[in-house]
């Protein structure tokens, strides 16, 4: 067997960032300011200096989301503890809806509540959440919201439908859906809004709280209780938002 060494050179910087290209050495630990798509050339150089293998590939470097802090482990969980699932924090998270199941008199209020909930998500994650209109098969949104009759006694159910593998255990959420109970949420505006935010947090990658501590991800909702983000809510959504870079 020939002796030699294997090296990997970073040959170009992130796409759309000409200031980061150059001769950076690519190792397992990447400099903190380097994130994005990179062209990597892997070479095997023998002891006499000859290149015997020369391959090129594109890799994606993402900013690492840290483990949940110890003081929040009972109130903050990820929807899938084994993987990091999140929207691309540098894109607008679009929302479309279907309100056909609602009485015509209730539709205006439901849309206002949905826009209010999207605004709360924008504040928590620093990623824009925007209601762009009713359902459109030709222009699907990242989140589809529908009022109807979810199974069981649930006020709402969230579905993660499509993903895109980014790098390692990082996955980008690309398509989701939310089903809201049209009857139980009809009269209580506060419950309607807090339920919407709760389900939006689910499709953004957050799981239920392990303990009922009053934060928005507690499994059981309380009637007539206004939504108020706790420290655990703000911490959890920061982990899934723009603060930890794009995908």
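Since every read-out is calculated from the coordinates, none of them should be taken as a lab result. It should be emphasised that the depicted structure is a prediction, and the values quoted were computed from it without experimental measurement. Cβ placement follows ideal geometry from the backbone for every residue including glycine, while neighbour counts extend to all protein chains displayed.
Some points to look at:
- Convex hull volume per residue in cubic angstrom - Cα atoms of segment 70-244: 115 Å³
- Whether segment 67-166 is rounded, prolate or oblate, judged on the alpha carbon gyration tensor where a/c under 1.5 counts as rounded: prolate
- Simple spin-label estimate for residue 174 and residue 80 in nanometres, 7 Å along Cα-Cβ: 1.3 nm
- Distance between the modelled labels on residue 157 and residue 138, one decimal in nanometres: 3.1 nm (7 Å Cα→Cβ projection).
- Here the peptides 142-151, 190-199, 73-82 are ranked by packing, the mean other Cβ count within 10 Å, and the order with the highest first is 190-199, 142-151, 73-82.
- Ranked list, fewest to most other Cβ atoms within 10 Å of each Cβ, for 208, 165: 165, 208
- On full extension, the segment bounded by residue 149 and residue 165 gains 2.5 nm, given 0.36 nm per residue less the C-alpha separation.
- Sites residue 186 and residue 70, calculated FRET efficiency, Cβ-Cβ separation with R0 41 Å, nearest 0.05: 0.50
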